[in-house]
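Visitor: Could you have a look at this structure, given as structure tokens, before my questions?
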Amino acid sequence: MSRYITRLRMRRAYKWNGRPVSKDRKLKRQYYESMSISVEGKTEDVTVSLGQYILIEGDDDDNPFVAQLLKLYTDDSGKKKTAVVQWFVRTCEVPQNKRKLLGRHPHPQEIFFYQDCSCDNEVDGETILGAVQIEYVPVEDPFPKGKSKGILFVKLLWDTKSFRALDPELMQPPQSSKSPPPSSRGPQTRALPTPDLSVMKRAMSGILTRGSMSTGKMSSSEAESLHSASKLSAAKALSAKRRSRAVSGPHVRKKLDLCSPSKNMTRDDVLGEILDEHTEKTLTSKLNTSPTGRISISIRLTRLNLNEEECVSPLSSHSPDKPRMTAYDKDESTRARTPSRRKDALREPALAALAEEEHEDSPVQTAATPRSKRKSAQLVSSRIRKQLNLLGNTVDLQSDGVDGDDDDCFVPAKIDLQSSSDEEEEAKIDSEDELIVKKRRGSGTSRSTEKTRVSARTPRKTPSKKTAPATPHTPRHATPSIPSRSAPARKPGNVLEEARDIYNFVESKVIDGTGGCMYISGVPGTGKTATVHEVIRSLQQSAEQDEIPHLRFIEINGMKMTDPHQAYVQILQKLTDQKATPDHAAALLEKRFSAPAPKKETTVLLVDEVRHLLLVTLISIGYFLFIILFDWPTRRNARLVVLTIANTMDLPERIMINRVASRLGLTRMSFQPYTFKQLQQIITSRLNRVKAFEEDALQLVSRKVAALSGDARRCLDICRRATEICEHSGSQKNSSGLVGMSHVMEALDEMFSSSYIAAIRCASVQEQLFLRAVIAEFRRLGLEEATFQQVFVQHQALCRVEGLQPVNVSEGLTVCQRLGSCRLILLEGSRLDLFLRIRLNVSQDDVLYALKAD
Amino acid sequence: VCKRQPETCSDSCNNITLHKLLRERLCHQKLPDQPVGLDSQYKHLLELLRRTAVHGESNSVLIVGPRGSGKTMLLGCVLRELMSLREVQKNVLLVELNGLLQTDDKIALKEITRQLHLENVVGDKVFGSFAENLAFLLEALKKGDKSSSRPVLFVLDEFDLFAHHKNQTLLYNLLDVSQSAQTPVAVVGLTCRLDVLELLEKRVKSRFSHRQIHLFSSLSFGQYVDVVRAQLSLPPDFPDPKFSDEWNHSVTKLCEDKTVEEILRRNFNGSKDFRSLHSLLFLAVSRVSVSHSTLREADLIEACRLISADSKANVLHGLSILELCLIIAMKHLNDTYDGEPFNFQMVHNEFKKFIQRKSHSIHKFEKPVVMKAFEHLLQLELVRPVDSGVCKVQREYQLMRLMLEHGQVMEALQKYPQCPTDVKQWALSAFG
């Protein structure tokens, strides 16, 4: 993030040198020879011309991407500068496990010619950092010594599978600037520089599918991501940057960090989708591994997603010269009503316009013909048209640095986590926290112009999830448009992947005026309720601004009512403010949801802890409530969206009878326990900028909790306790004042360590003897249960051994009962007196350990 | 005479004051000034509740410790100190619930609304259903916020019993409030069960902060004796300094006595908690009177005897010779058959064998008389039917078990007044 900011500060100005050398009417492109880049604060401009080797902005500031410039062109408006390049990879960008294929240590300045046709080789001209010198070294020759550090050597060719000798011819820039000859790029016959049309389309369709699949009726998003992950092995191999599987695994879907720069997850998903749709192996591996391809995809992705709605229009707007409309394209555009709201969803409309123009201009990119008759899609495209008119020419005016306004726009976002469990830190930190979170959210996503009325639903979902790939060649900021965006007016506080799916689901239903039911499961403390609240909150904001139809939110909680019948009463009361008996309420509700919804508003019903409603209901009132939850949403015109939350994943299966199961188009979603990284982010976001914890201490807490339960509440509780411990001990030792490992360990001990051992150690002598007697008797009997009489005999014997006066039966029973009340031992049949059955509630080893240490 | 009158008067006055003072201590009528040996726990709990009371931070905590370890006392002391702050006194609402009294959520909710005086808020509105009650209470709690609402302390005594309520609705809701930005609440649970967390449903457990304050006494015997001395000593502000000096001196001497030390150690070995100590001391102190103005060694010995007496052995002392003989017969049966159950007929046979051998010393009883005696033992629950469910069997043949230990029988025989020697010998002999 910080890097992102610094780069922005060092602004570069890009200018064409001379006049266009050629022009492509059809594509409305003008080609140039060279471009000059002037860097703020430096006097001389850098000029890059065709055939030169250039550096392109990437993830890593120290190792920008290297490429050879093949073409430079601009579109009609002259605003967007695009460069077509041939990529080179650095050693560090070659996947770790493939490096050994080289068979020797790579030279520090060595780079490889990158050959992969599926890689997008179009980059934004404004990501070019400058020129670099590359020297071709024949394979047999040693690397020249004593040359300047700045010079890079190329010897071999890397085609994502192996290293091969590089034909020096390939290093020559192509002559035709219009369309680089596809065959000139080495032994493989694929067109290297031109983005393969089908690839592009797949990329787009992939994106869209992704969006729709998350809301698709039967697809469990989790399974899907797993699926994609498994298919991804080739891609995995490549991604040196995607180091930790933890980040790219399915749990990562829940990225809480608002502005995390790593977009791995989404990336995976996108790829996964691509792969899902098209299993042509070769192609996919190319796609995955080729850096350029990625860039282009990501660029498009970003745009498409940003303008979730808008993305429909490029697809559905005409490009008659594109006959390649396929079945799934159509599919896509219809499904696009649930546009995937990706990370960058917060682009301002102007951008959308830009994107749109580009799509229209470029035959390569425009893929679909207008087929979508969906209401939402139409609505959306009309909105986009409007937008285009309004904002088509204002891109340049909108620049970054709107940070200042953000805080104001963000006020509503403040409660996201707070709602689930507040009061983590002390009062002071707490209040500060809120501010900071707000602020952070603002600045984190601040590069986008202020949200305008027209910008459909763009700027609200998933602020920090960029679609940009996290693979070596991921000039995330390669698009010119990104830097010019400023903060959207508002967006939901956190970036839960789940949130996005829920959001998509509800929003699509609201827009379509249909109903549906979603089942959300997950263990406690994974943010289910908080996420839904957050989603609803942001939806309601959109509704206020008339972006989507009005919706009404009703919440009931199965645990917060005394019996399930009260659900009707509560729903009715919240819906109409009427009071009624459960039966009457049920009848009224039935009437209400059978008729078309009044005022055309959608009702969103959140049913928390649904298990408590269902189990009893099934027996007593014969599916009625059940029907509310699962049948009503499917009725036409009822406009009821039901979100149900429970802990168990298989609740629907367990309680559903076939006839019920058949009528629910149930969308599932499962919240995974937090991983330690997410927990860490949660903590940091809570105490943002208040440096209260040592890094290690934070790690310890989050790892420990992740290993135990992944419960965010637990995590925060531990931190809270640790700060208290620190506060108390802080006065004595003059430590750094930070919460350190020792404090955290102490808190963890307090909360997780079993108290049995301590209890045994602190027990009185007779109690300890009794426990010993129990064990002795167990050993004698070879059973894990004994009667009091048997144990008592042992107890008396032990007393004599210890030289104590033997206890009598009454005393013995007292001791036994006392141990029983602490549940160190379990007693059964307390009326049986001497024949009371005794079992240990602790393992024998623990008892012996505790007694020995005494 | 004139001189002696005021003296006896002052003696009896002293005695009354002494008894009153010690009774307050030993019968837990008054909180001690400072909990003994629980300093860190005291600080922790005080700090925690203070945060709720003063800063409005919600929290939840469990105080876990064996019976008699001072959980309620600790909480009482903390609340006393907390309430002495003026800002707290005015602000904090205290709700005390007990799992033994509020046996289900319905009663508990009624009690909460009553203690929060919420019924006044709605004026004449009659609190109807349980459901309304819950909805109302939750609404009330939800409306509050950290800064403006008065914090509410919920004290749940016998916390584990609340976990047995249906669905744990009450706990879920209280803990849910404590985890969200609503009215600040502190939920303090008192329980003696170490495994209390396992009783909580996972959704309830997740909402609980997992703070547990354990009260395990780690007193050494020396400290224990110090506590005894402190408990018995009179405060310096006692009205008659001479009397109190004398008393304190005698207490100090008493504690150094070997026999007393042994008694105390025995008690200490049995249980470290102060409740059993208090009952011992209470018995001893109650023997102090005007004529018997200091606590003596004999008082403690007698108290110890009373307290450690085996209840069943005491019952045996009141039995007739015939009943005692039956018990002995049963004991022999137990020995012969290794604890297998027996019936009346077997006992009677055993008894008859004994009578035949020693016909001169024991009166010969008719079978119905023996039966009657046996039934008396049954009523005293010294013998018990093996399974009460099957009563179809004739009384004579119903299987029974002796509820006495070998040692108890022997001890009773030793102490039985004027027990015939034949009977004693029979009991001691290896076989009937």
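Visitor: Quick one: which of B:Lys372, B:Lys353 is farther than 17 Å from B:Leu428 by Cα and away from chain A (no Cβ under 13 Å)?
Guide: Going through B:Lys372, B:Lys353 in turn, the sole match is B:Lys372.
Visitor: Taking the residues in the stretch B:198-226 that are surrounded by fewer than 18 Cβ atoms within 10 Å (Cβ to Cβ) and assigned to a helix (DSSP H, G or I) as candidates, determine which candidate is nearest to the other protein chains (Cβ to nearest Cβ).
Guide: Filtering first and then ranking leaves B:Lys202.
Visitor: Does the stretch B:274-319 hold any residues that are assigned to a loop (DSSP other than H, G, I, E, B), of a type outside the set (Ser, Thr, Tyr) and away from every other protein chain (no Cβ under 14 Å), and which are they?
Guide: Within the stretch B:274-319, B:Arg287, B:Val288, B:Val290, B:His292, B:Leu295, B:Arg296, B:Gly318, B:Leu319 meet the criteria.
Visitor: Could you say whether any residue in the stretch B:41-57 is within 13 Å of chain A (Cβ to nearest Cβ) and assigned to a loop (DSSP other than H, G, I, E, B)?
Guide: Yes - at least one qualifying residue is present in the stretch B:41-57.
Visitor: Next question. Just give me the residues in the stretch B:93-120 being crowded, with 16+ Cβ neighbours inside 10 Å, in a loop (DSSP other than H, G, I, E, B) and at pLDDT below 85, in sequence order.
Guide: B:Leu116
Visitor: Based on what the data block shows, is A:Leu748 surrounded by fewer than 21 Cβ atoms within 10 Å (Cβ to Cβ), in contact with a helix residue (DSSP H, G or I) (Cβ under 7 Å, 6 or more places away or on another chain), modelled with pLDDT under 90 and part of a helix (DSSP H, G or I)?
Guide: For A:Leu748, the condition - surrounded by fewer than 21 Cβ atoms within 10 Å (Cβ to Cβ), in contact with a helix residue (DSSP H, G or I) (Cβ under 7 Å, 6 or more places away or on another chain), modelled with pLDDT under 90 and part of a helix (DSSP H, G or I) - is met.
Visitor: If you go through the stretch A:788-796 one residue at a time, do you hit one that is touching a Pro at 6+ places or on another chain (Cβ under 9 Å), more than 10 Å from chain B (Cβ to nearest Cβ), buried (at least 19 other Cβ atoms within 10 Å of the Cβ) and farther than 21 Å from B:Cys192 by Cα? Walk me through it before giving the result.
Guide: Residues of the stretch A:788-796 that are touching a Pro at 6+ places or on another chain (Cβ under 9 Å), as a first pass: A:795-796.
Retained after the next criterion (residues that are more than 10 Å from chain B (Cβ to nearest Cβ)): A:795.
This time we only want the ones that are buried (at least 19 other Cβ atoms within 10 Å of the Cβ), so: A:795.
Checking which are farther than 21 Å from B:Cys192 by Cα leaves us with A:795.
Checked against the condition, which is being touching a Pro at 6+ places or on another chain (Cβ under 9 Å), more than 10 Å from chain B (Cβ to nearest Cβ), buried (at least 19 other Cβ atoms within 10 Å of the Cβ) and farther than 21 Å from B:Cys192 by Cα, the stretch A:788-796 yields at least one hit.
Visitor: When A:Gly103 is evaluated against the numbered criteria (1) at pLDDT below 75; (2) closer than 26 Å to A:Tyr32 by Cβ; (3) of a type in the set (Gly, Ala, Ser), which criterion, by number, is the only one it fails?
Guide: (2)
Visitor: Filtering the stretch B:177-195 down to residues that are at pLDDT 90 or above and more than 8 Å from chain A (Cβ to nearest Cβ), which residue is farthest from B:Leu109 (Cα to Cα)?
Guide: Top of the filtered list is B:Thr191.
Visitor: With respect to A:His743, is the statement that it is crowded, with 21+ Cβ neighbours inside 10 Å, over 25 Å from B:Asn267 (Cα atoms), in contact (Cβ under 8 Å) with a residue 12 or more places away in the chain and out of contact with any strand residue (DSSP E or B) (no Cβ under 8 Å at 6 or more places or on another chain) true?
Guide: So A:His743 passes the test.
Visitor: So for the stretch B:151-167 (the condition being β-branched (Val, Ile, Thr), in a loop (DSSP other than H, G, I, E, B) and in contact with a Leu (Cβ under 7 Å, 6 or more places away or on another chain)), does at least one residue qualify?
Guide: no
Visitor: Suppose we filter B:Leu171, B:Leu141, B:Leu153 for residues that are free of Cβ contacts under 8 Å to residues at least 60 places away in the same chain and surrounded by fewer than 24 Cβ atoms within 10 Å (Cβ to Cβ); which single one remains?
Guide: B:Leu141
Visitor: Kindly list the number of the only condition in (1) surrounded by fewer than 15 Cβ atoms within 10 Å (Cβ to Cβ); (2) small (Gly, Ala, Ser); (3) within 13 Å of chain A (Cβ to nearest Cβ) that fails for B:Gly270.
Guide: (1)
Visitor: Can you tell me which residue among B:Glu375, B:Glu411, B:Glu381, B:Glu396 is touching a residue at least 40 places away in the same chain (Cβ under 8 Å) and surrounded by fewer than 15 Cβ atoms within 10 Å (Cβ to Cβ)?
Guide: After applying the criteria, what remains is B:Glu396.
Visitor: Now for a separate question. Just one of the numbered conditions (1) crowded, with 22+ Cβ neighbours inside 10 Å; (2) under 19 Å from A:Glu601 (Cβ atoms); (3) touching a Ser or Thr at 6+ places or on another chain (Cβ under 8 Å) is not true of A:Ile571; which one?
Guide: Going through the list (1) crowded, with 22+ Cβ neighbours inside 10 Å; (2) under 19 Å from A:Glu601 (Cβ atoms); (3) touching a Ser or Thr at 6+ places or on another chain (Cβ under 8 Å), A:Ile571 breaks only (3).
Visitor: Can you work out which of the residues in the stretch A:799-810 that are crowded, with 20+ Cβ neighbours inside 10 Å and part of a helix (DSSP H, G or I) is farthest from the other protein chains (Cβ to nearest Cβ)?
Guide: A:Cys799
Visitor: Right, next: Show the residue pairs that are 6+ apart or on different chains and have beta-carbon atoms under 7 Å apart, the first residue being within the stretch A:831-853 and within 19 Å of A:Thr814 (Cβ to Cβ), the second being part of a helix (DSSP H, G or I) and at pLDDT below 85.
Guide: Short answer, once both residue conditions are applied: A:Leu836/A:Ser830.
Visitor: Residue under question is A:Arg772, and the condition is that it be free of Cβ contacts under 8 Å to residues at least 60 places away in the same chain and of a type in the set (D, E, K, R); does it hold?
Guide: No; evaluated as a whole, the condition is false for this residue.
Visitor: Starting from residues that are without any contact (Cβ under 8 Å) to a residue 60 or more places away in the chain and facing another protein chain (nearest Cβ under 10 Å), keep the ones in the stretch B:156-168 and report whichever is farthest from A:Ala722 (Cα to Cα).
Guide: Top of the filtered list is B:Asn167.
Visitor: Further question on the same structure: Looking at the stretch A:751-798 only, could you name the residues that are among the polar types (S, T, N, Q) and in a helix (DSSP H, G or I)?
Guide: A:Gln766, A:Gln768, A:Gln789, A:Gln790, A:Gln794, A:Gln796
Quick grid of which residues meet (1) free of Cβ contacts under 8 Å to residues at least 60 places away in the same chain; (2) of a type in the set (Gly, Ala, Ser); (3) touching a Phe, Trp or Tyr at 6+ places or on another chain (Cβ under 6 Å); (4) not assigned by the TED database to the domain that holds B:Phe268:
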position: B:Leu200; (1), (2), (3), (4): yes, no, no, yes
position: B:Lys205; (1), (2), (3), (4): yes, no, no, yes
position: B:Ser209; (1), (2), (3), (4): no, yes, no, yes
position: B:Asp226; (1), (2), (3), (4): yes, no, no, no
position: B:Gln231; (1), (2), (3), (4): no, no, no, no
position: B:Pro239; (1), (2), (3), (4): no, no, no, no
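Visitor: Would you check if there is a residue in the stretch B:142-152 being modelled with pLDDT of 80 or more, of a type in the set (D, E, K, R) and over 33 Å from the mean Cα position of the chain (by Cα)?
Guide: yes
The values are calculated or read from the model by the stated rules, or taken from the named source; none is laboratory data. All values reported here derive from a predicted model rather than from experimental measurement. Note that each Cβ is placed from the backbone with ideal geometry, even for glycine, and that neighbours are counted across all protein chains shown.
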